[in-house]
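This is the structure, below, for whatever I ask next.
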Amino acid sequence: MVVRIILCGGDEAGRGALLGPLVISLVAARKGAIGKFSKIGVRDSKLLSRTRREMLYEAINDIASDVEVGLITPAQINEAMANDVSLNELEATHFAQLFDRIEGDVDILYLDSPDVIADRFGVRVNMASKRPTKPAGMKQLKKAAEVNYTKIVAEHKADSRYAVVSAASIIAKVTRDKAMDAISAEIGIDLGSGYPSDEVTINAVKKNLDNGNLLKHVREHWATMANIKQSKLENF
């Protein structure tokens, strides 16, 4: 028997990073289980320490009916940018693919929207998904009695409004932290968090612009990367 899933939340980690993957996550849970997330201290991952996130990661997996994670690689991001596909479009497509893997019927899919126009991200996910979905605000669809449509609610700061989205943000963040640790170990260079604001990350890239193993993990179309290359030319 397929378990009926009531609520699902989606969020990402690593969107603004210079290095490493953009990680997206969906967490689904029955309505009666949603309250457990708040009880164990689930909230926006940015407000939690790495140790606390990793503890909650295990608890979230125990409570959730389904947890799905996807990694969008720097190579995929670079290809999209080269073909004038926005990061919002790329992310929406991958969220749709992830949502299509969720088993059972979902009443509402809450998404932390990266789009300036929050609802537009939900529309993009709706268009890319193979499941019967409808963005919030869309008029009630005529449907066969046996079809259950999922309402997509895309909002700014959804990770601080809905516990199920907060849970997804923790899953995504823990997964990305582990991915960055693995990349650093693979290359043999401490790459830090991978974000432009991280001095360890920037110094690692500046010192290793000829290291092909590192460069395959770089988002080459980012303005930060262009600035680093320009700075090296000027100081050559």
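The values are calculated or read from the model by the stated rules, or taken from the named source; none is laboratory data. All figures in this text were calculated on a predicted structure; none of them were measured in a lab. Cβ: placed from backbone, ideal geometry, glycine included. Neighbour counts: every protein chain shown.
If you take the residues in region 25-57 that are of a type in the set (S, T, N, Q) and within 11 Å of SER166 (Cα to Cα), which one is surrounded by the fewest Cβ atoms within 10 Å (Cβ to Cβ)?
SER38
I want to confirm something. Restricting to region 74-97 and keeping residues that are outside any helix (DSSP H, G or I) and either polar (S, T, N, Q) or in contact with a Leu (Cβ under 6 Å, 6 or more places away or on another chain) (or both), which single residue is nearest to ARG15 (Cα to Cα)?
SER86
While we're on this one: With the requirement that a residue be surrounded by 15 or more Cβ atoms within 10 Å (Cβ to Cβ) and not acidic (Asp, Glu), what does region 190-199 give you?
LEU191, GLY192, SER193, GLY194, TYR195, PRO196
Could you pull out the residue among LYS134, LYS173 that is among the basic types (Lys, Arg) and within 23 Å of VAL218 (Cα to Cα)?
Exactly one residue qualifies, and that residue is LYS173.
Name the residue, out of ASN61, ASN88, that is in contact with a Pro (Cβ under 7 Å, 6 or more places away or on another chain) and either under 22 Å from LYS157 (Cβ atoms) or surrounded by fewer than 15 Cβ atoms within 10 Å (Cβ to Cβ) (or both).
One residue alone meets the criteria, ASN88.
Considering only residues that are among the small types (Gly, Ala, Ser) and touching a strand residue (DSSP E or B) at 6+ places or on another chain (Cβ under 7 Å), look in region 46-73 and name the one that is farthest from ALA13 (Cα to Cα).
SER65
Hey, could you check region 127-183 for residues that are under 28 Å from ARG43 (Cα atoms), more than 16 Å from the chain's Cα centre (by Cα) and not in a strand (DSSP E or B) and say which is modelled with the lowest pLDDT?
GLY137
Further question: I'd like to check something: does region 211-223 contain any residue that is in a loop (DSSP other than H, G, I, E, B), of a type in the set (Asp, Glu) and under 23 Å from GLU54 (Cα atoms)?
No, region 211-223 has no match at all.
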